[in-house]
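Engineer: There's a structure below that I have some questions on.
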Amino acid sequence: MNENAKYDLDITADVCPITFVKTKLMLEKKPAGAVVKVRLKGIEPLDNVPRSVAAHGHEVISLMPEDAAHTQHTAPHILTIKRL
């Protein structure tokens, strides 16, 4: 990840199921123990991507709004994942 970037993958313009597919492909490119940050938004991605990542054996470290003042599902969130 670029040290200046806030995330590795931006899937805010995508819809399910492509949101998880892109996240899974990103994780597969990383070594075990790598931490990946995914930018996402929308009801389905905010529910499905963390659940699917955990079901595939990875650790969901956090899911936080990108901007603390905007917590609704339409605002971008950052999902932090540890590849196991």
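Engineer: Given the criterion touching an Asp or Glu at 6+ places or on another chain (Cβ under 8 Å) and over 15 Å from THR12 (Cβ atoms), identify the matching residue among VAL36, VAL60, VAL53.
Structural biologist: Answer to the selection: VAL36.
Engineer: Residue pairs, Cβ under 6 Å, 6 or more apart or interchain, first in segment 21-40 and touching a residue at least 60 places away in the same chain (Cβ under 8 Å), second hydroxyl-bearing (Ser, Thr, Tyr) and part of a loop (DSSP other than H, G, I, E, B). List them.
Structural biologist: none
Engineer: Is it the case, given these coordinates, that VAL35 is in contact with a Ser or Thr (Cβ under 6 Å, 6 or more places away or on another chain), within 16 Å of TYR7 (Cα to Cα) and not aromatic (Phe, Trp, Tyr)?
Structural biologist: no
Engineer: Here is a check on your reading of the model: is ASP10 at pLDDT 95 or above and under 10 Å from the mean Cα position of the chain (by Cα)?
Structural biologist: It is true that ASP10 is at pLDDT 95 or above and under 10 Å from the mean Cα position of the chain (by Cα).
The values are calculated or read from the model by the stated rules, or taken from the named source; none is laboratory data. Please read all numbers here as calculations on a predicted model, not as lab measurements. Note that each Cβ is placed from the backbone with ideal geometry, even for glycine, and that neighbours are counted across all protein chains shown.
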